[in-house]
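Visitor: Starting off with a structure, shown below.
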Amino acid sequence: REPDARPLRELLGGLAERMPVRVLLWAGSPAPVFQPTRAMARGACAGFTSGTKVACALDARERTLHCHHEKIVIIDGERAFVGGIDLTALAGDRYDGPGHPPTTPMGWHDAAIELTGPVVADVAQHFAHRWSEVTGEVLPDPAPPKATGNVDVQIARTVPERNYKFARRGVFTTLDGYLRALRQAQEYIYLENQFLWSAEVTAVLADKLKHPPSDTFRILLVLPAHPDTGADTTRGQLGILLQADGGAGRLLATTLTAIDGTATGTLYVHAKIGIVDDRWLTIGSANLNDHSLFNDTELNVITCDPQLARDTRLRLWAEHLRLDASEVDGEPHIMIDKRWRPTATDELARRRGGAPPRDRVSLLPAVSRRAARLGGPLRGLLVDG
């Protein structure tokens with residue numbers, strides 16, 4: 001963070017003096033046991049508008065026990081940012097970087113993607129539709145900016161049915177995009193996500209493990225060691241995958257730790273990234289659970305640009321393994337078998353033996369085939385309605 005960085009409220013207030021600034025927030029949970037509460041959301045909105053020309057609206061069109069989860073920023077109709085990063089101080093300062101130094105109370109691994117070109121109009125139109133229904137202010141259809149490259153990009157969304165007039169039947173292209181890509185995988189699947197709860201996603205992954213396209217097919221997962229809810233659900237789904245793998249070693253489930261010399265700290269995996277075969281990439285707000293894939297509002301970016309998919313994979317793998325990108329630039333299955341698996345296995349053994357952490361990557365603890373029993377018919381009602 002720059003030493004002279006301005007708080008978001010101050011920055012937007014200054015910009016609103018010379019241009020329209022609109023902020024659309026989730027209205028907060030009506031149940032006070034969940035945060036942010038309605039009162040907290042009203043306070044945040046008042047913080048943006050008090051003494052400024054910022055227009056802020058609260059959207060309460062959520063389904064019961066669900067939320068508006070998308071995180072998008074649109075600038076001048078020419079540039080957009082889409083990702084999983086919450087612009088909030090709730091649960092601590094979310095600012096972090098690829099170095100992930102240990103911080104208090106914890107560090108955050110997250111991701112967003114910057115967009116230019118015609119696809120920005122699709123993001124802007126989604127915002128305009130929601131804004132218009134909430135406020136009654138009809139925004140003009142955004143004009144698509146000129147193309148800045150030759151990359152095919154798609155916006156994938158989750159919009160629950162009957163929440164909005166512009167999507168009465170709902171929109172579920174995020175789930176559709178994931179399932180299509182995972183089913184077509186031939187070489188590897190790489191997923192970073194806060195949760196792995198989706199029965200649909202797990203079923204496809206299990207099928208790929210039972211019927212691998214080749215002997216070199218691999219699935220690599222990066223998940224939080226302790227998700228903020230539903231840890232047993234994630235481990236239950238991983239148990240199903242381990243059963244499907246049958247000891248073949250095609251599946252590797254890992255987690256991350258903030259480390260700097262002998263200092264360590266919690267590093268929470270909040271990213272929502274999927275990469276398949278160095279050909280398909282998605283980054284956005286959607287977790288791999290029923291909340292994000294059916295019931296919350298979400299927005300992801302999907303691209304089939306091989307160069308971007310590969311570069312993103314190498315950048316992430318180098319960051320996590322604390323290596324130069326050239327050191328992970330090999331056949332994905334070889335890098336998983338020769339770099340990821342030994343590092344993660346040794347690190348977990350060191351920690352269990354009481355030795356100080358040495359690497360950022362570790363096997364996800366407390367995962368076994370027996371964990372499959374942790375999933376069950378009440379899963380969706382209890383933790384993932």
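Yes/no per residue for (1) of a type in the set (Lys, Arg); (2) buried (at least 22 other Cβ atoms within 10 Å of the Cβ); (3) more than 18 Å from the chain's Cα centre (by Cα):
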site: GLN194; (1), (2), (3): no, yes, no
site: HIS226; (1), (2), (3): no, no, no
site: ALA248; (1), (2), (3): no, no, yes
site: ASP260; (1), (2), (3): no, no, yes
site: ALA263; (1), (2), (3): no, no, yes
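Visitor: Modelled with pLDDT of 95 or more, buried (at least 16 other Cβ atoms within 10 Å of the Cβ) and farther than 21 Å from PRO140 by Cα: which single residue out of GLY84, GLY14 fits that description? Reasoning before the result, please.
Guide: Numbers: GLY14 fails: buried (at least 16 other Cβ atoms within 10 Å of the Cβ).
Going through GLY84, GLY14 in turn, the sole match is GLY84.
Visitor: Does GLY117 meet the test of being in contact with a Gly (Cβ under 7 Å, 6 or more places away or on another chain), farther than 27 Å from GLY43 by Cα, crowded, with 16+ Cβ neighbours inside 10 Å and modelled with pLDDT of 90 or more? So that I can check it myself, show each step before the final result.
Guide: Numbers: in contact with a Gly (Cβ under 7 Å, 6 or more places away or on another chain): yes; farther than 27 Å from GLY43 by Cα: yes; crowded, with 16+ Cβ neighbours inside 10 Å: yes; modelled with pLDDT of 90 or more: yes.
Answer is yes for this residue.
Visitor: Next up: Within region 289-322, how many residues turn out to be within 18 Å of TYR188 (Cβ to Cβ) and in a loop (DSSP other than H, G, I, E, B)?
Guide: 2
Visitor: Looking at this structure, is GLU298 touching a helix residue (DSSP H, G or I) at 6+ places or on another chain (Cβ under 7 Å), buried (at least 16 other Cβ atoms within 10 Å of the Cβ) and either in contact (Cβ under 8 Å) with a residue 40 or more places away in the chain or more than 18 Å from LEU251 (Cα to Cα) (or both)? Reasoning before the result, please.
Guide: Working: touching a helix residue (DSSP H, G or I) at 6+ places or on another chain (Cβ under 7 Å): yes; buried (at least 16 other Cβ atoms within 10 Å of the Cβ): yes; either in contact (Cβ under 8 Å) with a residue 40 or more places away in the chain or more than 18 Å from LEU251 (Cα to Cα) (or both): yes.
The answer is yes for GLU298.
Visitor: Does at least one position in region 162-173 carry a residue that is within 27 Å of TRP317 (Cβ to Cβ) and not aromatic (Phe, Trp, Tyr)? Before you say what the answer is, go through the steps one by one.
Guide: Going residue by residue through region 162-173, those that are within 27 Å of TRP317 (Cβ to Cβ) are none.
Among the residues of region 162-173, not one is within 27 Å of TRP317 (Cβ to Cβ) and not aromatic (Phe, Trp, Tyr), which makes the answer no.
Visitor: Here is a list of conditions, (1) part of a loop (DSSP other than H, G, I, E, B); (2) over 28 Å from THR174 (Cβ atoms); (3) modelled with pLDDT of 95 or more, and ALA349 meets all of them except one; can you say which number that is?
Guide: That leaves (1) as the condition not met.
Visitor: Which residue out of ALA156, ALA128, ALA124 is over 23 Å from ARG315 (Cα atoms), among the small types (Gly, Ala, Ser) and out of contact with any strand residue (DSSP E or B) (no Cβ under 9 Å at 6 or more places or on another chain)? Spell out how you get there, then give the answer.
Guide: On the way: ALA156 fails: out of contact with any strand residue (DSSP E or B) (no Cβ under 9 Å at 6 or more places or on another chain); ALA124 fails: out of contact with any strand residue (DSSP E or B) (no Cβ under 9 Å at 6 or more places or on another chain).
None of the other options fit; the residue is ALA128.
Visitor: Name the residue, out of THR254, THR282, that is in contact (Cβ under 8 Å) with a residue 24 or more places away in the chain, under 30 Å from ALA167 (Cβ atoms) and crowded, with 23+ Cβ neighbours inside 10 Å.
Guide: Selected residue: THR282, the only one of THR254, THR282 that is in contact (Cβ under 8 Å) with a residue 24 or more places away in the chain, under 30 Å from ALA167 (Cβ atoms) and crowded, with 23+ Cβ neighbours inside 10 Å.
The values are calculated or read from the model by the stated rules, or taken from the named source; none is laboratory data. Since this is a predicted model, take the numbers as computed values, not measurements. Glycine also receives a Cβ, built like all others from the backbone with ideal geometry; neighbour counts cover every protein chain displayed.
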